[in-house]
Structure formats: structure tokens, C-alpha cells
Amino acid sequence: MATLTVSPPPVLHDTGLDITLDDGLCHYFNYYWLRDNCATSFDPETRERLYDIFAEPAPPRAAAAMIDNDSLVIDWVQTAPNAAHRSTYPLAWLAAHATARPRPDPAILPRRYWFADHYPAMARFGFDAVRTDREALKGWVHALLTEGVAILGGMPDSDAALETAANLIGFPRPTFFGAYFDVRLHVDPDNVAYTAKALELHTDVPAEDLPPGVQFLHCRRNSVEGGESLFVDGAAVAAEFRRAHPADFRLLCETTVPFYNEHDAYDMRARQRVIELDDRGDISGVTISQHMADVFDHDQRFLDAYYPAFCRFGRLLQDPRFVMRFRLNAGECIVFDNHRIVHARAAFVAESGERHLRGTYTDRGELRSRWRKLSGEGRFSA
């Protein structure tokens with residue numbers, strides 16, 4: 001006859017309790033944490049926490065605890081008359097939180113680096129398809145999270161088309177250029193992009209405290225001579241830089257540098273790190289823009305080390321191994337991670353035709369949110 005294994009009862013302490021879970025190990029859980037995360041603490045409609053742990057007159061303590069039907073049941077010490085409370089926690093839920101690790105996030109996907117030859121393989125999706133087909137939308141969002149860039153084809157020649165595309169991921173995110181911007185020749189330009197000159201490799205709007213995360217460029221007209229688009233996977237370049245120049249890599253990760261954008265109506269200033277790391281130490285992107293870089297305000301002796309590292313990285317971004325060159329055509333919208341993809345434009349002959357790109361931004365947090373809902377792996381997913 002098989003022997004039934006019975007877990008020992010919880011052991012109560014002043015500040016928490018010990019419980020043996022299915023892994024056979026004894027785990028400690030803090031009373032504050034347990035009371036704060038009782039299922040009754042959350043509103044069933046809004047899914048927000050309504051319980052106010054700040055209002056407790058005394059630290060929470062368990063009066064009794066037991067295992068019942070694969071759940072931990074706690075009766076709490078009453079801290080006020082008529083304040084008796086019982087909490088129930090599935091043991092599987094406790095096991096998922098026993099190791100003090102962040103909740104698994106389906107939107108943290110492995111990045112696929114790409115190089116100069118990527119254009120034929122770049123992810124492409126139809127505008128109508130991503131609007132109407134959940135799997136096409138899911139594929140588009142996945143490509144943006146993993147490769148950082150994709151093209152939407154079949155975009156109508158209208159302002160509304162760009163707004164529709166942006167709303168599939170998030171909400172158009174205004175910058176000091178406005179909610180939308182038009183990249184074409186301006187009579188009185190306040191940005192190099194609004195001229196026919198070459199635009200060097202850069203990420204957009206580093207002079208804002210939080211530069212926007214996802215950029216949309218909808219090509220409405222492009223009949224000029226020249227004006228090719230240049231795109232670089234900044235994360236791929238940073239990975240090579242980390243391998244070849246680890247000390248320089250650390251400098252660019254740890255040091256903030258100033259950026260600015262000043263014109264008649266605004267004076268924007270912010271500090272950014274040239275190479276960005278996520279919480280796990282992986283390369284999440286880069287921030288670079290020579291035309292918006294302010295005067296570096298570091299100690300001159302420190303700059304003896306920083307400037308050579310900065311220039312080595314800048315030259316590596318321009319290495320032909322990494323620079324993808326192509327022509328963006330009317331009806332295409334290129335969408336890319338503005339914290340990862342470094343982009344530029346070759347000079348063009350203004351009199352040779354017309355070139356008009358309309359742009360906007362959304363944020364990376366909304367992109368990740370969209371993937372979590374599409375993948376059905378959120379906290380409240382069925």
C-alpha cells in the first residue's frame with residue numbers, strides 16, 4: 001500500500017511563518033506580505049489593490065494557520081473590534097513566489113541581433129492584416145520586441161492611417177515636436193531632418209527625460225534622387241563593443257551625458273546613458289545623437305578616457321558590417337524601437353522630386369503590454 005505523505009503544519013513566528021511546499025523545502029513568508037496579498041485585497045472589477053496596509057493599527061500576525069485542500073489558510077489576530085479576517089492562499093501560488101524572483105514576464109523575449117544584410121529578411125506585414133487579423137498583429141508585435149524593426153506595407157496615403165497603426169500598439173506619444181511630425185523640406189527648419197542634408201546615425205529625442213520608445217515613419221512620397229534610409233541594430237553593435245572593449249563598454253553604460261534641443265519656442269535638456277542595460281544586465285538599447293549632444297560637462301581628466309571610448313563606439317556604429325541601407329517607398333511605414341535602432345538618412349537632391357514622411361511615437365511599455373495581452377499570459381488571464 002502506498003504511503004500518504006502529509007506536509008507538516010505551518011510554524012508561526014512573530015513576523016512570519018514557515019511552510020513546507022511541494023519541493024520538500026521549508027519556506028518563510030512575511031506576515032505583512034501575506035496580508036497585503038490576500039485575494040480579498042483586490043477589487044474584482046478593477047483588479048487593483050484596495051486593501052490599505054498603512055491603516056493597520058498594529059503589525060499583522062497570524063492567530064492560527066493550517067493547510068486545507070492545497071491551500072494555506074490564515075486566521076489573523078484581530079487588531080480592532082469586528083476586524084476578524086481569514087485569508088486563503090493556494091500552495092501553488094505561494095510556490096511561484098517563494099524564491100523572491102520577479103514575476104515571469106512574457107514580454108521579455110530574447111533579442112535577435114541583425115546586421116547590414118538584414119533588409120531582405122526584415123519582418124513585413126500588411127496594414128490591413130494587422131488591423132483585422134490577431135495572428136498578424138501578434139507577429140508584428142513579436143518582431144518589434146525581438147528584432148526591433150518591421151515594415152507595414154499597404155498604408156493608405158492619409159493622416160488617419162498613421163494614427164490607426166499607432167493605436168494598434170498604444171497611444172501616440174507627443175514630444176516637443178508635437179503628437180505628429182512631418183519630415184519634409186521646411187522653409188525655416190529647426191531640425192536637420194527638415195532639410196535635404198544627410199542626417200547622421202542617431203536615436204530620436206534624447207533631450208527629453210524619457211525619450212519615446214517606438215517610432216513610426218510613414219512614407220507618403222519619395223521620388224527624390226538620394227535620401228536612402230540607413231538603419232543599424234544598436235544592440236548588436238553594443239554587444240560587439242562589449243566583447244571587444246569591455247572597459248569602454250562600462251564607461252558608456254555608467255556615465256550620463258547631456259543632450260539638448262533649443263529653438264525659439266523650447267529649450268529641452270536631459271541626461272542619458274549611451275548604452276542602456278536592463279535589470280538583468282542585458283543590452284536593451286542605445287541613445288546617441290551628435291546633433292543633439294550638449295557640451296560634455298565632465299572632468300577633463302575623465303574625458304581623457306571617455307572620449308576615446310565614445311568615439312570607438314560611434315565608429316563601430318558606422319561600420320559597414322552593421323549598416324543596413326534601403327529605400328523606403330511610398331505606402332510603407334517603418335516601425336522601430338527608438339531605444340535600440342539607430343537610424344539615418346543620406347542626403348538627397350531637393351529639386352529632383354518630393355519626399356514626405358509623417359511620423360509619431362508610442363512607448364515601449366505599451367508595446368510590451370500589447371504582447372502580454374496577445375499572448376494571454378497576464379496575471380488575470382484565463
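Determine whether the range 115-124 contains at least one residue that is under 27 Å from Arg321 (Cβ atoms), out of contact with any His (no Cβ under 9 Å at 6 or more places or on another chain) and part of a strand (DSSP E or B). Yes; the residues of the range 115-124 include at least one that is under 27 Å from Arg321 (Cβ atoms), out of contact with any His (no Cβ under 9 Å at 6 or more places or on another chain) and part of a strand (DSSP E or B). A single entry from Gln272, Gln318, Gln290, Gln300 fulfils the requirement of being closer than 21 Å to Leu251 by Cα and over 26 Å from the mean Cα position of the chain (by Cα): Gln300. Thr88 fulfils the conditions (1) touching a Ser or Thr at 6+ places or on another chain (Cβ under 9 Å); (2) farther than 30 Å from Ser41 by Cα; (3) not in a loop (DSSP other than H, G, I, E, B) except for a single criterion, (2).
Given the criteria closer than 15 Å to Pro211 by Cα, in contact with a Gly (Cβ under 9 Å, 6 or more places away or on another chain), of a type in the set (Val, Ile, Thr) and surrounded by 19 or more Cβ atoms within 10 Å (Cβ to Cβ), does Val286 qualify? The answer is yes for Val286. A Cβ distance below 6 Å, combined with a sequence gap of six or more or placement on separate chains, defines the contacts here; from the range 44-64, residues that are farther than 14 Å from His85 by Cβ reach residues that are exposed (fewer than 10 other Cβ atoms within 10 Å of the Cβ) in the pairs Arg47/Phe380. Note on the range 192-218: among residues that are among the aliphatic types (A, V, I, L, M) and under 20 Å from Ala235 (Cβ atoms), the one that is farthest from the chain's Cα centre (by Cα) is Leu201. Within the range 237-283, the residues that satisfy the criterion of being crowded, with 19+ Cβ neighbours inside 10 Å and assigned to a strand (DSSP E or B) are Val257, Phe259, Asn261, Ala270, Gln272, Ile275, Glu276, Ile283. Kindly indicate which of Phe336, Phe322, Phe313 is of a type in the set (Phe, Trp, Tyr), assigned to a loop (DSSP other than H, G, I, E, B), in contact (Cβ under 8 Å) with a residue 60 or more places away in the chain and within 23 Å of Asp117 (Cβ to Cβ). That would be Phe322, the only listed residue that is of a type in the set (Phe, Trp, Tyr), assigned to a loop (DSSP other than H, G, I, E, B), in contact (Cβ under 8 Å) with a residue 60 or more places away in the chain and within 23 Å of Asp117 (Cβ to Cβ). Just one of the listed residues (Arg86, Arg101) is over 30 Å from Gly154 (Cβ atoms), surrounded by fewer than 15 Cβ atoms within 10 Å (Cβ to Cβ) and at pLDDT below 95, and it is Arg101.
When you check Thr146 against the structure, is it surrounded by 21 or more Cβ atoms within 10 Å (Cβ to Cβ), in contact (Cβ under 8 Å) with a residue 12 or more places away in the chain and in the same structural domain as Arg325 (by TED's automatic domain parsing), yes or no? No; evaluated as a whole, the condition is false for this residue.
Matching residues to (1) at pLDDT 95 or above; (2) assigned to a loop (DSSP other than H, G, I, E, B); (3) touching a strand residue (DSSP E or B) at 6+ places or on another chain (Cβ under 9 Å); (4) not small (Gly, Ala, Ser):
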{"position": "Ile169", "(1), (2), (3), (4)": "yes, yes, yes, yes"}
{"position": "Asp182", "(1), (2), (3), (4)": "no, no, yes, yes"}
{"position": "Pro189", "(1), (2), (3), (4)": "no, yes, no, yes"}
{"position": "Leu201", "(1), (2), (3), (4)": "yes, no, yes, yes"}
{"position": "Asp204", "(1), (2), (3), (4)": "yes, yes, yes, yes"}
{"position": "Glu208", "(1), (2), (3), (4)": "yes, yes, yes, yes"}
{"position": "Pro212", "(1), (2), (3), (4)": "yes, yes, yes, yes"}
{"position": "His218", "(1), (2), (3), (4)": "yes, no, yes, yes"}
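Applying the set (1) within 40 Å of the chain's Cα centre (by Cα); (2) without any contact (Cβ under 8 Å) to a residue 24 or more places away in the chain; (3) assigned to a loop (DSSP other than H, G, I, E, B) to Pro81 leaves exactly one unmet item: (1).
Scanning the range 143-167 for residues that are part of a helix (DSSP H, G or I), out of contact with any Pro (no Cβ under 8 Å at 6 or more places or on another chain) and not polar (S, T, N, Q) turns up Ala143, Leu144, Leu145, Asp159, Ala160, Ala161, Leu162, Ala165. Scanning the range 37-49 for residues that are within 16 Å of Trp93 (Cβ to Cβ) and either exposed (fewer than 12 other Cβ atoms within 10 Å of the Cβ) or more than 28 Å from the chain's Cα centre (by Cα) (or both) turns up Cys38, Ala39, Thr40, Ser41, Arg47. Selection of the range 65-83 for residues being surrounded by 13 or more Cβ atoms within 10 Å (Cβ to Cβ) and within 15 Å of Gly16 (Cα to Cα) yields Ala65, Leu72, Val73, Ile74, Asp75, Trp76, Val77. The one condition from (1) touching a residue at least 40 places away in the same chain (Cβ under 8 Å); (2) more than 27 Å from Tyr113 (Cα to Cα) that Pro258 does not meet is (1).
The values are calculated or read from the model by the stated rules, or taken from the named source; none is laboratory data. Quick caveat: nothing in here was measured; it's all calculated off a predicted structure. Cβ atoms come from the backbone with ideal geometry, glycine included; neighbour counts cover every protein chain shown.
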